[in-house]
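Throughout, read-outs are computed from the coordinates displayed, never taken from laboratory work. Since the structure is predicted, the reported quantities are computational estimates derived from the model, not experimental observations. Ideal geometry is used to build each Cβ from the backbone, glycine not excepted, and the neighbour counts take in all protein chains shown.
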Amino acid sequence: MAETIAFYLIAAVALGAALTVIMSRQPVYSVLCLLVTMFALAILFMMLGAYVVAALQILLYAGAVLVLFLFVLMLLNLSPEQLRRVGSFRWRWLGMLMAGLLGGQFARLLSRPAPALWTSGNPPPSGTVAELGRALFTTYLLPFELTSFLMLAAIIGAVTLARGLRKSD
């Protein structure tokens, strides 16, 4: 019973922080609320026994990606007028509509009975950190490197856009 209450409390914190990410007018506050959401998700992963995923959630998303977002926001140093042009109100409503549709699909998925994860013919995966690392750096090396290249390209694009906005003002 205590685990169920803790789950619902942490899920409520994650949902509240995620809604604040969408509703906040300040981009820095949005990033900080996204950090709270990532930590709450990591706690939920830990409650499920997925300790590696929880650690990766904190190290990669909360640690690296959000610091990158914050760095780009500080690097852009947009004025309030530029922020109003970028963060249009109609896009927020579209985002909230999409979040509502996703929530409806999630509720529909939860109303169905859960399928069996593995049968007697298929044993459960072991999922150790060593196996995860081996798979990441052998089988999935190309997608791993392409993701880092994509993030680098996004940073360069953001810096290029920021310089273009400064020159036009």
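Here are the numbers:
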{"item": "Relative contact order of the stretch 1-74, pairs being alpha-carbon contacts under 8 Å that are 6 or more residues apart, as %", "result": "29 percent"}
{"item": "Stretch gain in nm, segment Glu145-Arg25, where the contour uses 0.36 nm per residue and the Cα spacing is subtracted", "result": "39.8 nm"}
{"item": "Simple spin-label estimate for Arg108 and Thr138 in nanometres, 7 Å along Cα-Cβ", "result": "4.1 nm"}
